[in-house]
1. Using a 10 Å cut-off on Cβ atoms, rank the peptides 21-33, 60-72 from the highest mean neighbour count down.
2. Short version: ³J(HN,Hα) in whole Hz for each residue of region 22-34, in order, from phi by Karplus 6.51 cos²θ - 1.76 cosθ + 1.60 (θ = phi - 60°), x for Gly and Pro, what are they?
3. Taking the beta-carbon count within 10 Å as an exposure proxy, list Met44, Met1 from fewest neighbours to most.
4. At 7 Å along the Cα-to-beta-carbon direction for both Leu61 and Glu48, put a label point, then send me their distance in nm to one decimal.
5. Once you charge only the Cβ atoms, +1 for Lys and Arg and -1 for Asp and Glu, what is the size of the charge dipole of the chain about its Cα centre, to the nearest 20 debye?
6. Give me the number: length gained by fully extending Glu2 to Leu68, i.e. 0.36 nm times residue separation minus the C-alpha to C-alpha distance, one decimal in nm.
7. Could you tally the net charge around Lys45, taking each other residue with its Cβ under 12 Å from the Cβ of Lys45, Lys/Arg +1 and Asp/Glu -1?
8. Go through (1) 18; (2) 47; (3) 37 and flag the label whose value is the computed percent of Cα pairs over 21 Å apart for this structure.
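Every number here is computed from the coordinates shown, using simple stated rules; none is lab data. Computed from a prediction, not measured in an experiment: that's the story for all the values here. Virtual Cβ from ideal backbone geometry, glycine too; neighbours counted across all protein chains shown.
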Amino acid sequence: MEIAEIVALTEKQVKELSYEDARDALEVVVEALDDAELPLSELMKLWEVGEKIAGVCQTQLKAAAKRLNDGLPTEAN
């Protein structure tokens, strides 16, 4: 995914990203944030969308961890 595509994502589109797509988009955002050539307004847009994408990743990781934990047997005393 290109930066322009990532910045243009709607809230709904961000929430619908798969974990893998969100992770890849977040990687692109982080690399772009390291680019000191970008104007501040672009950096702020990238930061904001990066925060949303990171939230999607975190939510999906928490859900996966819960599913794993729920599927594991508890220790018997």
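1. Working: 21-33: 17.1, 60-72: 9.8.
Most protected by this proxy first, the peptides run 21-33, 60-72.
2. Rounded to whole hertz, the list is 5, 4, 5, 5, 5, 4, 5, 4, 4, 4, 5, 5, 6.
3. The fewest-first ordering by Cβ neighbours comes to Met44, Met1.
4. With each label point 7 Å from Cα toward Cβ, the separation is 2.5 nm.
5. 560 debye
6. 20.5 nm
7. Details: positive: Lys52; negative: Glu42, Glu48, Glu51.
Neighbour charge sum, excluding Lys45 itself: -2.
8. (3)
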